[in-house]
Amino acid sequence: MTLEEQIRQLAKQFHPRIIELRREIHANPELAFEEIETAALVAETLRSCGVEVKTGIAKTGVIGTIKGKKPGKTIALRSDMDALPILEATGLPFASKNEGKMHACGHDAHTAIGLGAAMILSQLKEEIEGEIRFLFQPSEEKNPGGAPVMIDEGALDGVDEIYGLHVIAQHDAGTVGFCAGEMMASADELYITIRGKSGHGARPHFAIDPIVTASQVILSLQTLVSRNLDPFSQGVITIGSIHGGFAPNIIPEEVKLVGTLRSMTKEWREFAHRRIEEIIRGICDSAGAEYDLYISKGYPVLNNDPNKTIFAEEAARALFGSDAVFKAERLMGAEDFAYYLEKVPGTFYRLGIRNLDQNITADIHNDHFTVDERSLEIGAAMQAYLAIKALKQ
Ligand code: NI
């Protein structure tokens with residue numbers, strides 16, 4: 001039997017157990033850095049298949065290790081475990097028992113898939129030349145993310161490559177998608193306060209109007225993307241909140257703006273941070289107003305290593321055939337897997353979960369979101385195969 005056949009067969013054999021685990025995790029969702037029950041289930045399941053376990057990494061994270069008979073590289077496989085503060089409306093028999101919390105981003109599937117990969121790999125110890133490390137991390141959904149904490153606590157020490165996946169509702173179950181290079185955006189939050197001098201609305205010449213100044217700032221910030229970004233590149237700036245003033249005839253003292261900045265390259269992100277301040281400073285100077293700018297840095301740009309992406313795509317073709325492979329779209333969303341990829345090469349790929357016949361079409365973060373569970377078998381096989389193949393390379 002070929003390695004591909006072995007992996008497919010083991011994935012099929014463990015599929016019912018992977019479904020069971022996913023449903024148990026789905027029914028008991030926990031928010032970022034509160035994944036206590038989930039982590040306990042992960043640790044217990046890993047131990048039951050002979051995987052060495054470390055708990056309490058990054059508070060609620062778990063690391064599992066399988067060492068092969070021969071020395072070699074170390075490959076990391078990552079799963080995220082946290083749920084979202086959403087009231088579930090799927091009506092599924094295994095729907096959330098924790099009101100107001102829901103696995104609406106598929107991290108229940110990611111965790112079950114990570115465990116499935118561990119079950120498969122624990123049957124293939126003879127094939128493992130080196131070490132496979134399973135990272136079950138807390139808090140992907142909430143900035144600053146669990147990934148940088150996992151890294152700080154040594155999760156990547158000695159790791160040569162890393163692979164991770166995310167469900168996608170726009171592609172059918174049974175498929176996987178890849179995208180080399182920059183796939184997901186960096187996301188930063190902007191907090192701007194513009195301070196003028198309050199006064200009577202009918203005597204503006206005695207005041208400094210922060211509302212007019214803020215309006216100029218908002219419009220000028222739009223030139224960041226329209227005038228300072230290569231038209232072939234991507235970026236977004238949005239001011240999502242504006243607060244200031246009380247009455248028709250009063251010029252207020254200050255206006256507060258809050259916004260988001262998304263970039264697709266590290267270079268443009270750094271440029272944009274400087275340019276935002278220049279625009280605000282220039283306009284405030286000309287108006288005689290003062291400002292405070294705070295940029296809360298979110299996840300960095302997610303940059304897939306081109307060679308590892310080609311490697312993973314070829315692995316998918318070998319395992320499931322070319323019809324199962326799609327070209328993954330780039331997204332303006334952010335993902336903390338980006339931190340791992342800043343340290344070691346690897347790729348983050350998409351797992352199709354849609355099923356039009358069964359009406360499984362809701363997008364992630366929707367209260368009707370669910371996955372076609374056939375995708376669990378595909379994901380577990382894929383992660384296990386990638387780890388073994390990467391070690392042999
Ligand atoms: Ni997610």
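The values are calculated or read from the model by the stated rules, or taken from the named source; none is laboratory data. All values reported here derive from a predicted model rather than from experimental measurement. Virtual Cβ from ideal backbone geometry, glycine too; neighbours counted across all protein chains shown. Keep in mind that these areas ignore ligands, DNA and RNA; they rest on the heavy atoms of the full protein, side chains included. Shrake-Rupley method; radii C 1.70, N 1.55, O 1.52, S 1.80 Å.
Quick notes on this one:
- In the stretch 234-260, the residues that are under 29 Å from residue 329 (Cα atoms) form Cβ pairs under 6 Å with partners that are in a strand (DSSP E or B) and basic (Lys, Arg), at six or more places apart or across chains, as follows: 236/262.
- Qualifying residues in the stretch 290-329 (those that are β-branched (Val, Ile, Thr) and open to solvent by less than 30 Å² (accessible area, probe 1.4 Å)) - the one farthest from residue 385 (Cα to Cα): 301
- Every residue from the stretch 1-26 that is under 23 Å from residue 138 (Cβ atoms) and open to solvent by less than 50 Å² (accessible area, probe 1.4 Å): 18, 21, 22, 25, 26
- Check on residue 29, more than 18 Å from residue 377 (Cα to Cα), surrounded by fewer than 17 Cβ atoms within 10 Å (Cβ to Cβ) and of a type outside the set (A, V, I, L, M): no
- Residue within the stretch 147-157 that is in the same structural domain as residue 370 (by TED's automatic domain parsing), within 11 Å of the ligand (Cβ to nearest atom) and among the small types (Gly, Ala, Ser) present: no
- Taking residues in the stretch 75-96 that are under 17 Å from residue 360 (Cα atoms), and partners anywhere that are surrounded by fewer than 24 Cβ atoms within 10 Å (Cβ to Cβ) and hydroxyl-bearing (Ser, Thr, Tyr), the pairs with Cβ atoms closer than 6 Å and at least 6 places apart or on different chains are 88/96.
- Meeting the requirement of 1 or more residues that are among the polar types (S, T, N, Q) and open to solvent by 30 Å² or more (accessible area, probe 1.4 Å), the strands (runs of 3 or more DSSP E) wholly within the stretch 122-208 are 161-172.
- Set 99, 88: member being open to solvent by 30 Å² or more (accessible area, probe 1.4 Å), over 20 Å from residue 51 (Cβ atoms) and in contact with a strand residue (DSSP E or B) (Cβ under 6 Å, 6 or more places away or on another chain): 88
- When every residue of the stretch 212-232 is checked against the conditions, none turns out to be open to solvent by less than 70 Å² (accessible area, probe 1.4 Å) and part of a strand (DSSP E or B).
- Test: residue in the stretch 374-393 that is within 30 Å of residue 220 (Cβ to Cβ), in a helix (DSSP H, G or I), open to solvent by 60 Å² or more (accessible area, probe 1.4 Å) and out of contact with any Asp or Glu (no Cβ under 9 Å at 6 or more places or on another chain): no
- Selection status of residue 347, open to solvent by 30 Å² or more (accessible area, probe 1.4 Å) and modelled with pLDDT of 95 or more: no
- Qualifying residues in the stretch 44-74 (those that are in a loop (DSSP other than H, G, I, E, B) and under 21 Å from residue 154 (Cα atoms)) - the one most open to solvent (accessible area, probe 1.4 Å): 59
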